[in-house]
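Can you keep this structure in mind? I'll have questions shortly.
The values are calculated or read from the model by the stated rules, or taken from the named source; none is laboratory data. The shown structure was predicted, so the numbers you read here are calculated from the model rather than taken from an experiment. Note: ideal-geometry Cβ built from the backbone for every residue, glycine included; neighbour counts use all protein chains shown. The accessibility values were calculated without ligands, DNA or RNA, using every heavy atom of the protein model including side chains. Shrake-Rupley method; radii C 1.70, N 1.55, O 1.52, S 1.80 Å.
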Amino acid sequence: MCSSDLIRHKPSTPSRVLYAAARSKSMPQLQREIDRVICPILEEHACSEYELRPIVCRAVISTSLERCLTIFQQSRNEPFAYPDGAEAARIYVVLMLRAALILCGLPHQNIEMTHALEIALADENAEARWLAGEPVFAGVAVDRADQSPSDFSRIADAMAAALRPTI
């Protein structure tokens, strides 16, 4: 069973996903960041799918619950209270994941989560289709950092190229 199947069968989650997707997919990324559209998977200020959360959520390692609540509940544009080295570790993990996706021939851009989740919930075969190389999420907004080559994408491409002969 894939993660969208687990979310699909929770009574109120699909309607929250549809609401958040309808609100966020028409917004430019910067506006989504300013408005902080609440994640539809949150229930009572906690992740209802903690074990299945995406990498972007896993990368938020905070040393201050108070700061997190302030950021999300009051829409404050403050930095998270990361422990030393956490931001660098996040970059390394994301680079390795991106290189692995490149090596598998799968899309590797960051995309708007709620719209992608809406698509995954509407199609029980979305995950299998995506893994088979179908452009299931082609209409979902791509993160602005992935819209043109960046140092990050060049490093991921170089990692994939260096690893390719070894597999």
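Give me a comma-separated list of calculated 3J(HN,Hα) values for the range 56-67, in order, Karplus coefficients 6.51, -1.76, 1.60 applied at θ = phi - 60°, integers in Hz, x for any Gly or Pro.
4, 7, 4, 7, 8, 9, 10, 9, 9, 4, 4, 5
May I ask you to derive the relative contact order of the chain, considering only C-alpha pairs under 8 Å and at least 6 residues apart, and to give it as an integer percent?
26
Also, quick follow-up: Read phi for every residue in the range 116-129 and hand back ³J(HN,Hα) as whole Hz from Karplus 6.51 cos²θ - 1.76 cosθ + 1.60, θ = phi - 60°, with x for Gly and Pro.
Rounded to whole hertz, the list is 4, 5, 4, 5, 5, 6, 6, 10, 4, 9, 4, 4, 4, 5.
Starting with the highest mean, order 147-156, 109-118, 134-143 by the number of other Cβ atoms within 10 Å, averaged over the residues of each peptide.
Descending mean neighbour count gives 109-118, 134-143, 147-156.
Where in the range 58-92 are there trypsin sites (Lys or Arg not before Pro) that are in a DSSP coil and have at most 12 other Cβ atoms within 10 angstrom of their Cβ?
Answer in residue order: ARG76.
Next question, about the same structure. Among residues other than CYS104 whose Cβ falls under 13 Å from its Cβ, what is the net charge (Lys/Arg +1, Asp/Glu -1)?
Here the charged neighbours net out to +2.
What is the Cα centroid distance between the range 7-33 and the range 131-167, reported in whole angstrom?
24
Oh, and also: Okay, helix-only estimate at 222 nm for the chain: each DSSP H run of n ≥ 4 adds -39500 (n - 2.57), divide by all residues, round to 500 deg cm²/dmol; what do you get?
-14500 deg cm²/dmol
Considering only protein heavy atoms and a probe of 1.4 Å, how much of the accessible area of the chain is carbon and sulfur, as a whole percent?
For the chain, the apolar C and S fraction of the accessible surface comes to 59 percent.
First check a/c for the chain, with a ≥ b ≥ c the square roots of the eigenvalues of its C-alpha gyration tensor; if it is under 1.5, answer rounded, and if not, answer prolate when a/b is larger than b/c or oblate otherwise.
Oblate.
Can you work out the accessible area per residue across the range 51-167, with the rest of the protein chains kept in place, probe 1.4 Å, in square angstrom?
Each residue of the range 51-167 exposes 64 Å² on average to a 1.4 Å probe.
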